[in-house]
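Student: Structure below; questions to follow.
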Amino acid sequence: MDNIQMEIDRFIISAKLSHTTKQRYCKYLDEFTKYLSYLTNTNLEDLHYERIYRIHSQSGAFLCYKPIDAYLLDKYLTTHIEKGYNWLRLSKSAMSSLFNYLHRRYDFPNLVKKMTFNPKDYRTVKRPQRILSRREILLFLQSLIKHSKDLKRDVLLFSLLLSTGMRISEALNLKVSHVNCTDDAVFLTKTKTKVQRMVMLRDSFGLAINEYVRVNRLSDNDYLFSTQGNRQFTRVEVQTLLNNFLMMSGLEPINLHGLRHSFATLMFESGSELLVIQQLLGHSALGSTKTYVHPNYIRNYGVEIKENQTVYRIAKDLLMESDK
């Protein structure tokens, strides 16, 4: 086995991973290598996985080397817990792939399997995805109509998102040629799953799009949603619009993906089957669709109703009096 850096280079070259994943693994393995260099007081080019610990006799004479062990991997991650769950998870993933490679190539022990450190122990609890109720959607649209500086574009965009459940990236990548105004359909060519699909629009929605295209003099190759300079609308710009319209209607903010969750939940509450919603969302697995349907107790997470609080306070006072 050669020095650590050479082995990492070989692993990256031979690994059947995407270019992005390889770059990410290089970053995390490089950080770990520098940690080993500092810990052992060894130059990077002299580092070997088989020669990490120096064993000496009682008299101080050097006897032999011992290889890296799982304890050292655990210690490395433990000393970096302040970097958070994602960093810890990705660091361990990079280590796991590397030591799998070393085990296959040299029969070197797969130390990751012996580790006790679990990144999941440091995962923060996520707040449930906020979605909009029917009432909130109406308030949002009223705010949009009142405050929008490009009313036709904004009404069309948010109505499309709320009525089809398509991803914001899919909507922003739409070109005029992708819309069949006559049959009320949209052909999505760029999707997250890289599978092209057809999305059916509400009745006469195609006519509204056709009128929008005519008024704005858009050609077939133009993006459907763009700025006044015909630049493609960005996700950040749409998120800013969404937050502003919600804020001006007195509602809590929501991320754009929450509109997709809102669509799925409202469809389910209206009686649609999960399999139908799965097809509309373009999910490959039904399990993914199930996570988009939010029961009432999740959708009302953190919501305080003044009238309810009054009832609770009165009830509490009555109970306190009965205990006296």
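Student: Rounded to a whole number, what is D in µm²/s for region 61-141 from Stokes-Einstein with the Kirkwood radius over alpha-carbon pairs (20 °C, 1.002 mPa s)?
Tutor: Rounded to a whole number, D works out at 135 µm²/s.
Student: Here's another thing I want to ask about it. Would you mind computing, in nm to one decimal, how far apart the modelled labels at T40 and H19 are, each placed 7 Å from Cα along Cα→Cβ?
Tutor: 3.3
Student: Can you compute the helix-only [θ] at 222 nm over the chain? Use -39500 (n - 2.57) per DSSP H run of at least 4 residues, normalise by all residues, nearest 500 deg cm²/dmol.
Tutor: -16500 deg cm²/dmol
Student: What is the calculated FRET efficiency for S57 to T124, with r their C-beta to C-beta distance and R₀ = 30 Å, to the nearest 0.05?
Tutor: The value I calculate is 0.05.
Student: For the pairs K83/K114; K146/K190; K16/K114; K27/K290, flag any whose C-alpha to C-alpha distance is greater than 30 Å.
Tutor: K146/K190; K27/K290
Student: What is the calculated FRET efficiency for H147 to K290, with r their C-beta to C-beta distance and R₀ = 51 Å, to the nearest 0.05?
Tutor: That pair, H147 with K290, gives E of 0.90.
Student: For N216 and H257, what does the FRET efficiency come to when R0 = 30 Å and r is the distance between their Cβ atoms, rounded to the nearest 0.05?
Tutor: That pair, N216 with H257, gives E of 0.65.
Student: Let me ask something additional. Dipole magnitude of the chain about its Cα centre, charges +1 at Lys/Arg Cβ and -1 at Asp/Glu Cβ only, in debye to the nearest 20?
Tutor: It comes to approximately 200 debye.
Student: If you don't mind, another one. Average projected area of the Cα convex hull of the chain, in nm²?
Tutor: For the chain, averaging the hull's shadow over all directions gives 28.4 nm².
Student: Could I ask something else about it? Would you kindly derive the ³J(HN,Hα) couplings of region 88-102 from the backbone phi angles with the Karplus curve 6.51 cos²θ - 1.76 cosθ + 1.60 (θ = phi - 60°), listing them in order in whole Hz, with x for Gly and Pro?
Tutor: Each residue's phi maps through the Karplus curve to give 4, 5, 6, 5, 5, 5, 5, 4, 4, 5, 5, 6, 5, 4, 5 Hz.
Student: OK, next. For the pair M198/T116, report the inter-label distance in nm, with labels modelled 7 Å from Cα in the Cβ direction.
Tutor: With each label point 7 Å from Cα toward Cβ, the separation is 6.0 nm.
Student: Now, a different point. At a 1.4 Å probe, what is the % contribution of carbon and sulfur to the accessible area of region 149-257?
Tutor: Carbon-and-sulfur percentage of accessible area, whole number: 51.
Student: Okay, moving on. Within the chain, what's the longest stretch lacking GluC sites (Glu not before Pro) that sit in DSSP loops with no more than 10 other Cβ atoms inside 10 Å?
Tutor: Free of exposed loop sites, the longest segment is 1-272.
Student: Heavy-atom accessible area per residue, region 24-132, 1.4 Å probe: how many Å²?
Tutor: I get 61 Å² per residue for region 24-132.
Student: Continuing with the same structure: Please compute the contact order of region 200-296 in relative form: average sequence separation of alpha-carbon pairs under 8 Å and at least six residues apart, divided by the residue count, as a percent.
Tutor: 15
Student: Note the full-extension length gain between T182 and S159 as 0.36 nm times their separation in residues minus their Cα-Cα distance, in nm to one decimal.
Tutor: The span from T182 to S159 would gain 6.5 nm if fully extended.
Student: Counting pairs of alpha carbon atoms under 8 Å apart in space and at least six apart in sequence, what relative contact order in percent does the chain give?
Tutor: 13
The values are calculated or read from the model by the stated rules, or taken from the named source; none is laboratory data. From a predicted model like this one, the values you see are computed outputs, not experimental measurements. With ideal geometry, Cβ positions are generated from the backbone for all residues, glycine too; neighbour counts draw on all protein chains shown. Heads up: the accessible areas ignore ligands, DNA and RNA and are worked out on the full protein's heavy atoms, side chains in. Shrake-Rupley method; radii C 1.70, N 1.55, O 1.52, S 1.80 Å.
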